[in-house]
1. Looking only at residues in segment 91-107 that are assigned to a loop (DSSP other than H, G, I, E, B) and among the acidic types (Asp, Glu), which one is surrounded by the most Cβ atoms within 10 Å (Cβ to Cβ)?
2. Quick one: LYS265 ticks every box in (1) more than 15 Å from ASN241 (Cα to Cα); (2) loosely packed, with under 14 Cβ neighbours inside 10 Å; (3) charged (D, E, K, R) bar one, so which box is it?
3. Please tell me if HIS103 is at pLDDT 95 or above, over 12 Å from LEU163 (Cα atoms), more than 22 Å from the chain's Cα centre (by Cα) and assigned by TED's automatic domain parsing to the domain that holds ALA51.
4. Under 9 Å by Cβ, and 6 or more places apart or on different chains, what pairs join a residue from segment 10-37 that is closer than 17 Å to ALA214 by Cα with one that is of a type in the set (Phe, Trp, Tyr) and part of a loop (DSSP other than H, G, I, E, B)?
5. Among the residues of segment 182-214, write down those that are among the hydroxyl-bearing types (Ser, Thr, Tyr), without any contact (Cβ under 8 Å) to a residue 24 or more places away in the chain and more than 20 Å from ILE172 (Cβ to Cβ).
6. Give the residue that is farthest from ALA212 (Cα to Cα), with candidates limited to residues of segment 106-120 that are free of Cβ contacts under 8 Å to residues at least 60 places away in the same chain and more than 24 Å from the chain's Cα centre (by Cα).
7. Does ILE111 qualify as being crowded, with 16+ Cβ neighbours inside 10 Å and at pLDDT 95 or above?
8. Working only within segment 108-125, note down all residues that are more than 23 Å from GLU189 (Cβ to Cβ), outside any loop (DSSP other than H, G, I, E, B) and touching a Ser or Thr at 6+ places or on another chain (Cβ under 9 Å).
Amino acid sequence: MGEASAHAVLSPSSASRWMACTPSARFEQQFENTTSVFAEEGTLAHAIGEAIIKLRLQMVTEAAFNLELDFLTRDPLYNAEMLTHAEQYADYCLEDSQPGDIHAVETRLDITSHVPEGFGTGDYMRVRPSANHLRFRDLKYGKGVPVSAVNNTQLKVYALGALNWWGWIYDIDTVSVGIFQPRLSNNTEWEISVAELMEWANDELRPKAKLAFAGEGEYKPGNHCKFCRARVKCKALADYNLDLFKHELKKHDQLTDEELPAIVKKASLLAAWAKDIEEYMLAEAVKGKKWEGMKLVEGKSDRVFVSASNTEKKLLEAGYTDEIYTPRKLLGITALTKNIGAKAFKELVEPDLRKPAGKPTLVPANDPRKDFDNAAAVFKDVEIKEEIE
């Protein structure tokens, strides 16, 4: 699934970033490496895929597989679609297996010969000694954007680790890397000779890894910044995002046809960067940090039913039927008020309503709402992702 439980400073999954911007790897060590439900979902899918592949390769008994699968499918993130995708992933990895092939699943790879303290986990690898060929396959369970295997930096680093694992035993000439992304129906493959791969490792990877491990080199902002943990505090990224508006657009009163495309090209990165800063400031404010000129207030919230079924029962007992339903469910609060009248609403519905605390919102200090002082306690179990108003 890409990374071991401990995180390398120069992880293969972020290689395209630290090779482009070598100081970023050390810079982002100052920021907590948090997980997400999407990452946890991917971890579970990998584990199920691993179990299926091992069963098909007879690395485990059927009884052991069933026990493992029973445990994994009890995870709250599991669903039947995940099992289907994991089976498809196993099909993809093993589609043309032959007698004599050597397989490895979820294997820790040592890449220290090229990357200081470098390691990762190979999802699936296979050597075919008769063809001097190494196959590497990577499962991407996310459905955000398609990822291509063609000249993929992460996969090339993994391939080097796989060669380190098997290269001293087998005479491998060619490496095939592939990405299986089932929820986007995206499967891509790419092949490179070992000679070309080693040339890239020696000429590009190793020198940049040395700089990155030392925290040296120049900051170079770009699309690779979107997953960098240090992006909210990176001055180089701020300058990159704001430069167009600080300089180029001040030259004249009207935007030119040449300037409009430049704005569009930067707009998505600029918007994502601004939102990242907003979310970071809000999360820190909830923890108690005070931002100059800003304050934390309770955001808006709507009334909700404590128990819609209980409200429905009371309304039916009072003689209301067609007035309270949409074709499939109880009407919302506003529609109910209109259909049954304010008096009946107050008597039958309002006792069953509650108004939860609105999520904390960071606003300018002159906002008339009072400070939200206990946000950390109220929202200790809620992921904070709100925009500054």
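1. To start, the set of residues in segment 91-107 that are assigned to a loop (DSSP other than H, G, I, E, B) comprises 95-101.
Going one step further and asking which of them are among the acidic types (Asp, Glu), we end up with 95-96, 101.
Working: GLU95: 7, ASP96: 8, ASP101: 17.
Looking at the filtered set, the residue picked out is ASP101.
2. The single condition LYS265 does not satisfy is (1).
3. On the way: at pLDDT 95 or above: yes; over 12 Å from LEU163 (Cα atoms): yes; more than 22 Å from the chain's Cα centre (by Cα): yes; assigned by TED's automatic domain parsing to the domain that holds ALA51: yes.
So HIS103 passes the test.
4. CYS21/TYR219; THR22/TYR219; PRO23/TYR219; SER24/TYR219; PHE27/TYR219
5. Just the residues of segment 182-214 that are among the hydroxyl-bearing types (Ser, Thr, Tyr), to begin with: 185, 188, 193.
Imposing the further condition that a residue be without any contact (Cβ under 8 Å) to a residue 24 or more places away in the chain reduces the set to 185, 193.
Passing the criteria: only SER185.
6. Top of the filtered list is ASP110.
7. Values: crowded, with 16+ Cβ neighbours inside 10 Å: yes; at pLDDT 95 or above: no.
For ILE111, the condition - crowded, with 16+ Cβ neighbours inside 10 Å and at pLDDT 95 or above - is not met.
8. Those that are more than 23 Å from GLU189 (Cβ to Cβ), outside any loop (DSSP other than H, G, I, E, B) and touching a Ser or Thr at 6+ places or on another chain (Cβ under 9 Å): ARG108, PHE119.
The values are calculated or read from the model by the stated rules, or taken from the named source; none is laboratory data. Since we're looking at a predicted model, the values are computed, not measured. Cβ sites come from the backbone with ideal geometry, for glycine too, and all protein chains shown count toward neighbours.
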